[in-house]
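Here is the structure we will look at, set down as structure tokens.
The values are calculated or read from the model by the stated rules, or taken from the named source; none is laboratory data. This is a predicted model, so every value here is computed, not measured. Here the Cβ positions follow ideal geometry from the backbone for every residue, glycine too, while neighbour counts run over all protein chains shown. To get the accessible areas, we keep the full protein, side chains included, count just its heavy atoms, and leave off ligands, DNA and RNA. Shrake-Rupley method; radii C 1.70, N 1.55, O 1.52, S 1.80 Å.
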Amino acid sequence: MSLKVGDTGRITIAGAGLAGTLLAVLLSRKGFGVDLFERNPDPREDAAPGGRSINLALAERGRNALNLAGLLEQVDAFTIPMRGRMLHDTEGQLTLQPYGKDESEVIWSTHRARLNITMLDAAEASGKIRCYFDHLLSDVDWAAQSLSFSRADGATHQHQFEVLIGADGGGSAVRQAMASVADLGISEEMLGHGYLELSIPANESGDFQMDPHALHIWPRGGYMLIALPNSGGSFTVTLFLPNEADAGEGDLGEGGPSFGQLTDWPRQKQFMQDQFPDAMPLLAGLEADFRDHPVGLLGTIRCRKWFYRDQAVLLGDAAHAVVPFHGQGMNAAFEDCVEFINCLENTGLNWAEVFERYQERRIDDANAIADMALENYAIMRESVRDPRFLLMKKLEHELERRHPQRFIGRYALVMFHTLPYAQVYQRGLQQAIILDRLLEGARSLEQVDFELADRLVVEQLQKIPGLP
Ligand code: FAD
């Protein structure tokens, strides 16, 4: 490794969340020392506050990164495979829509805090990483290369840095400090919909009250409820709803349900009972969850520039926060970590060149997953109920069976593969044209012209790079 980190030989990371901790582990494997600062207390001593995406869907990109860090086996011990979407209609009827072409293609429900703790344990075990909890980054002095941290007891701490990595999430203090000295071209686009976290506990025998091997969705057009399993028998449930009645995307109409209208328990209860009747008996502590959990805001943050000179760089949500509807924010953040490490492999570079190279390789991908995540909200809350969508999924699987080197549906490319997101997006556009043409007038797979399908796929789609 020819890159030097000044006199200390150490890299500073702000944020010991998902990306910051994984990056620390990967950097330590490359021989770097790391100082890792986190505003919250050590999660191993202090349980994380409820109400913020307790569990997460882990997909191939995230698994690939954990594997590189040597942590996949440990993480697999507490993940639960989900083989498809289990749709709940208003009558309580259930329909399973498989995610993949076969049972090997699943996504994994994983526990945020346990994942973080597994990575923190690995970070400390490396002997190269110093963790500083209860350290809120409050100021960056770029000229003096000095960081100021505030502690809960009012104390402050100063820290000299050589190289600073901002992995401090969507509200990144590092990003704000960089923006005060450079034009990062930041855009923030709020969704107008928020989320509230609810829960379904295990039953008295400790068992799941619904099928644990599915991501449950109650799609209701303008809004939805979803539930992901936790090892231990419970489900974490999330209600996604417009913040205000007119905050939808045109399809809710004036006065549609919104968090703004659900101001008291009778209204909250009535809404849940009307819309999600089969979930109601399972949602223990619903009144308390409505009362105590904050409504989380959702939005997309993009930057045109992710680094400042040779001093600092952004990674994960700090660089590109996306809405959660493709279950890819963490996966993308983990992929950033891998790409950042890959950029260090080139000897003879200085830090500014490493940062620039990393940005060049990732920024189009970050924008592509941001767009796909927004598009997937409409798919989850609405399209999944449409017979044409179901037929399209069947056709995608059939085309993949016939042309495994050339055709893989866009959702599968995002979730089960590591083809860069920007390439997935482009391929998705090409494939959509083919799918539309083949589905013209068709109501079942039998009515699809497969001679034409074979010709279009072979003529119009290049082989997908990187497949075995
Ligand atoms: P974070 O995980 O937010 O970590 C940032 C860390 O920095 C935190 O520990 C924070 O305390 C710390 N910090 C912040 N400010 C400071 C400061 N000033 N000083 C010191 N420390 C600071 N992604 C998926 O891949 N799959 C999913 O299923 C999924 N579901 C989601 C559901 C919801 C409702 C939400 C909101 C998000 C979901 N995501 C999902 C996205 C995922 O949570 C994020 O993309 C991921 O957490 C990003 O990791 P990060 O390390 O960049 O940021």
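Please verify whether region 119-131 includes one or more residues that are open to solvent by 50 Å² or more (accessible area, probe 1.4 Å), under 30 Å from F416 (Cα atoms) and away from the ligand (no atom under 11 Å from the Cβ). Break it down stepwise before answering.
First, pick out the residues of region 119-131 that are open to solvent by 50 Å² or more (accessible area, probe 1.4 Å): 121, 124-125, 127-128, 130.
From the residues that got through so far, the ones that are under 30 Å from F416 (Cα atoms) too are 121.
Adding the requirement that they be away from the ligand (no atom under 11 Å from the Cβ) leaves 121.
For region 119-131, residues open to solvent by 50 Å² or more (accessible area, probe 1.4 Å), under 30 Å from F416 (Cα atoms) and away from the ligand (no atom under 11 Å from the Cβ): present.
Close Cβ contacts (under 6 Å, 6 or more residues apart or on different chains) running from residues in region 116-135 that are touching a residue at least 12 places away in the same chain (Cβ under 8 Å) to residues that are open to solvent by 40 Å² or more (accessible area, probe 1.4 Å) and of a type outside the set (F, W, Y) comprise I117/R44; T118/Q74; F133/P41; D134/P41; D134/R151; D134/A152.
Does E162 satisfy the condition of being free of Cβ contacts under 8 Å to residues at least 24 places away in the same chain, charged (D, E, K, R) and not in a strand (DSSP E or B)? Considered against the rule, which asks whether it is free of Cβ contacts under 8 Å to residues at least 24 places away in the same chain, charged (D, E, K, R) and not in a strand (DSSP E or B), E162 comes out as no. Against the condition crowded, with 19+ Cβ neighbours inside 10 Å and closer than 30 Å to A453 by Cα, how does M372 come out, does it pass? Here the answer is yes, as M372 does meet what is asked. Considering (1) in contact with a Leu (Cβ under 6 Å, 6 or more places away or on another chain); (2) among the polar types (S, T, N, Q); (3) at pLDDT below 95, the lone condition that T263 does not fulfil carries the number (1).
Conditions tested, residue by residue: (1) of a type in the set (F, W, Y); (2) modelled with pLDDT of 95 or more; (3) surrounded by 17 or more Cβ atoms within 10 Å (Cβ to Cβ); (4) not in a helix (DSSP H, G or I).
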site: A143; (1), (2), (3), (4): no, yes, no, yes
site: L147; (1), (2), (3), (4): no, yes, yes, yes
site: G154; (1), (2), (3), (4): no, yes, no, yes
site: G170; (1), (2), (3), (4): no, yes, yes, yes
site: R175; (1), (2), (3), (4): no, yes, yes, no
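Residues that are surrounded by fewer than 24 Cβ atoms within 10 Å (Cβ to Cβ) and either more than 11 Å from the chain's Cα centre (by Cα) or within 16 Å of A16 (Cα to Cα) (or both) within region 311-330 comprise just one, Q311. Inspection of region 22-40 identifies no residue that is touching a helix residue (DSSP H, G or I) at 6+ places or on another chain (Cβ under 6 Å) and modelled with pLDDT under 90.
Among the acidic types (D, E), in contact with a helix residue (DSSP H, G or I) (Cβ under 6 Å, 6 or more places away or on another chain) and surrounded by fewer than 18 Cβ atoms within 10 Å (Cβ to Cβ): is that true of D364 in this structure? Taking the combined requirement at face value, the residue satisfies it.
Out of V75, V106, V34, report the one residue that is buried (at least 17 other Cβ atoms within 10 Å of the Cβ) and closer than 30 Å to Q275 by Cβ. Outline the logic, then answer.
On the way: V75 fails: closer than 30 Å to Q275 by Cβ; V34 fails: closer than 30 Å to Q275 by Cβ.
Just one listed residue meets the conditions, V106.
Out of the residues in region 6-27 that are over 24 Å from the mean Cα position of the chain (by Cα) and open to solvent by 10 Å² or more (accessible area, probe 1.4 Å), state the one that is farthest from the ligand (Cβ to nearest atom). The extreme case among them is D7. Looking only at residues in region 263-296 that are touching a residue at least 40 places away in the same chain (Cβ under 8 Å) and among the small types (G, A, S), the one that is surrounded by the most Cβ atoms within 10 Å (Cβ to Cβ) is A279.
For region 118-127, the count of residues that are within 19 Å of the chain's Cα centre (by Cα) and closer than 30 Å to S383 by Cα is zero.
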